[in-house]
Amino acid sequence: MFSVVAQRPPPFAFGSIRSPPDRLAAPAPITDSDKSSAVAPDLASILAQQPYDAFLVLDVEATCLQGTDFQWPNEIIEWPVCLLKWTDKQQSGAASRLQIVDEFRSFVKPTWRPRLSQFCTDLTGITQEQVDAAPHFPDVAEAFAAFLVKNGLIHPGTRERTVRFCWCTDGPFDVRDFVVKQCFISNISMPDWIKGDVMDVRRTVSAWSEMKQTQTKKPLFPRRISLNIPSQLRALGLAPFEGRQHSGIDDARNIARIVTELARRGIRLEPNTFIHPNRRWAWMGKHGQVLEEYCMT
């Protein structure tokens, strides 16, 4: 089942390869016109030079067993994406305001281990009935490509990018691990529209917090705290997590809130994490075969 909405609905009841930059770009100065509408300098929108025109915020959910790690052959069971675009981008590339203009969501039917564990259902809220009725990943990828065409991000014939867009995820795992594994299990090549580096939002927030800590000499995060989505929202002074944690669509919407706030604060949004599309694990056999003897189950 595919779900595409033109505007953000209420929350669901249940979720060119190059070296990444080492630092965040300095915010551009506030102009006189910006100052006239600002309540306080800290709350004013700061225009930074933004190299990308759109952002695809992805937070997949995948099959899992209690006690397994990222070496296990996880299969994607939810593909949710929030599409962000600028509302104020100037010819110079300066911009600070993003908004969700469209969303895509589909559950995905796993093939290697089609039965979900109770642990997986409890964690994600995704039921066996939902994945049983869902399309397989290659069909979801085709439907999502149509979503990209509809929104003017890729060419309908060649599937080449028509604008500069950047994938955004919470951590490197969604594309680096889950998408690479799923493409292998489905025995398909990674689509060109997802190849390339991604913006690890967690890493960007961490870099921003370190910059602020240097300026204020006061840590924003207690030592050893996990920089999860709720922690990032809290650090940026945003309202608490909206929806159900580990629901892919709810996670994606909250990550989109974080990306939007980073843009408002004058942070240059761009890839910071290298993705290897041909990464391999020991359990990978030939033509999508999963070698059971290498799986810790």
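Checking the stated criteria, R265 turns out to be among the charged types (D, E, K, R), closer than 20 Å to Q50 by Cβ and modelled with pLDDT of 90 or more. Of the helices (runs of 4 or more DSSP H) entirely within region 89-187, those holding at least 3 residues that are under 30 Å from R264 (Cβ atoms) and either modelled with pLDDT under 95 or not aliphatic (A, V, I, L, M) (or both) occupy 137-150. Taking the conditions (1) surrounded by 19 or more Cβ atoms within 10 Å (Cβ to Cβ); (2) more than 21 Å from R253 (Cα to Cα); (3) under 21 Å from the mean Cα position of the chain (by Cα) in turn, L116 satisfies each one other than (3). Checked against (1) on the phi < 0 side of the Ramachandran plot; (2) at pLDDT below 95, G67 meets all criteria but (1). Of everything in region 232-273 that is outside any helix (DSSP H, G or I) and charged (D, E, K, R), the residue that is nearest to W167 (Cα to Cα) is E270.
Residues that are among the small types (G, A, S) and either more than 14 Å from P80 (Cβ to Cβ) or over 20 Å from the mean Cα position of the chain (by Cα) (or both) were ranked within region 142-182; the one that is surrounded by the fewest Cβ atoms within 10 Å (Cβ to Cβ) is G157. Residues of region 274-297 that are under 30 Å from M199 (Cβ atoms) and outside any strand (DSSP E or B): F274, I275, H276, P277, N278, R279, R280, W281, A282, W283, G288.
The values are calculated or read from the model by the stated rules, or taken from the named source; none is laboratory data. Computed from a predicted structure; not experimentally measured. Counting neighbours? That spans all protein chains shown, and the Cβs are built from the backbone with ideal geometry, glycine included.
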